[in-house]
1. Can you give the Kirkwood hydrodynamic radius of the range A:65-113 from its Cα pairs, in Å with one decimal?
2. Translational D (Stokes-Einstein, µm²/s) of the protein assembly as shown at 37 °C and 0.692 mPa s when Rh comes from the Kirkwood sum over C-alpha pairs?
3. Out of the trypsin sites (Lys or Arg not before Pro) in the range B:1-70, which ones are loop residues according to DSSP with at most 11 other C-beta atoms within 10 Å?
4. Isolated Cys in chain B by the 4.7 Å beta carbon test?
5. Where a ≥ b ≥ c are the square roots of the eigenvalues of the C-alpha gyration tensor, would you call chain B rounded, which needs a/c under 1.5, or, failing that, prolate if a/b is larger than b/c, or oblate?
6. Using a simple spin-label model with points 7 Å from Cα along the Cα→Cβ vector, what separation in nm is obtained for A:Ser3 and B:Lys64?
7. Within 10 Å of each residue's Cβ, count the other Cβ atoms and sort A:Cys23, B:Cys13 from fewest upward.
8. Restricting attention to the alpha-carbon atoms of the range A:25-74, what are Rg (one decimal) and Dmax (integer), both in Å?
Amino acid sequence: GNSVTQMEGPVTLSEEAFLTINCTYTATGYPSLFWYVQYPGEGLQLLLKATKADDKGSNKGFEATYRKETTSFHLEKGSVQVSDSAVYFCALRVGGGADGLTFGKGTHLIIQP
Amino acid sequence: GAVVSQHPSRVICKSGTSVKIECRSLDFQATTMFWYRQFPKKSLMLMATSNEGSKATYEQGVEKDKFLINHASLTLSTLTVTSAHPEDSSFYICSASPLRRPNNEQFFGPGTRLTVL
């Protein structure tokens, strides 16, 4: 079956620190990979995605590269801000938009000023 | 654009009663809507996939008679938790896939917190 494993939090960093949240996956097919972010009291929002190997998704200073050889999609940001505090979910989808997503457990990120 | 709403945002009910949760795509038509369940400190688990005008497809282990899904239109899907019990208490989240962008992202609702006493 399909599964996503991501580092569990909470992850606490100081403002302007470098961020890495690890994500690895197993999939029966050739998945698309996603990072979603959930701010307090809000629904999940797509942060970035990649649909094929070596693709790099990026948004709001966050980046993640689809690594087929290591089945990974680690999320990085060079300098985090307090406003980045949220829960981050790594997810995959095998197939098109008519297929549901398989999520990791989520990583709670806390950025201290 | 691409806003998905859920109603209610929170609901508390007595054991044995049924609860209906609505999921609406406000500014787009959705080919497919999805229902997820989120346990504390756990990932979102896909419960079922619903397509307008057809029966929902349930994931393994999800009781279709307990979690009734109706996708009456391209903008509305409902999840009814029948004869709710405390173990059904959870955070229920829907998402919708736009009609004209079937391979694009899913847009998520803000979720509904169900507490069964």
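1. 13.0 Å
2. Approximately 181 µm²/s, per Stokes-Einstein.
3. B:Lys14, B:Lys41
4. Those would be B:Cys13, since no other cysteine Cβ in chain B comes under 4.7 Å of theirs.
5. Taking the square roots of the gyration eigenvalues as a ≥ b ≥ c, chain B is prolate.
6. Taking the simple label geometry, A:Ser3 and B:Lys64 are separated by 2.7 nm.
7. Ordered from fewest to most neighbouring Cβ atoms within 10 Å, A:Cys23, B:Cys13 come out as B:Cys13, A:Cys23.
8. Expressed in Å, the Cα Rg and Dmax of the range A:25-74 come to 11.7, 37.
Coordinate-derived values only; no laboratory data. Being a predicted model, the structure only gives us computed values, none of them experimental. Positions of Cβ are generated from backbone atoms using ideal geometry, with glycine treated the same way; all protein chains shown enter the neighbour counts.
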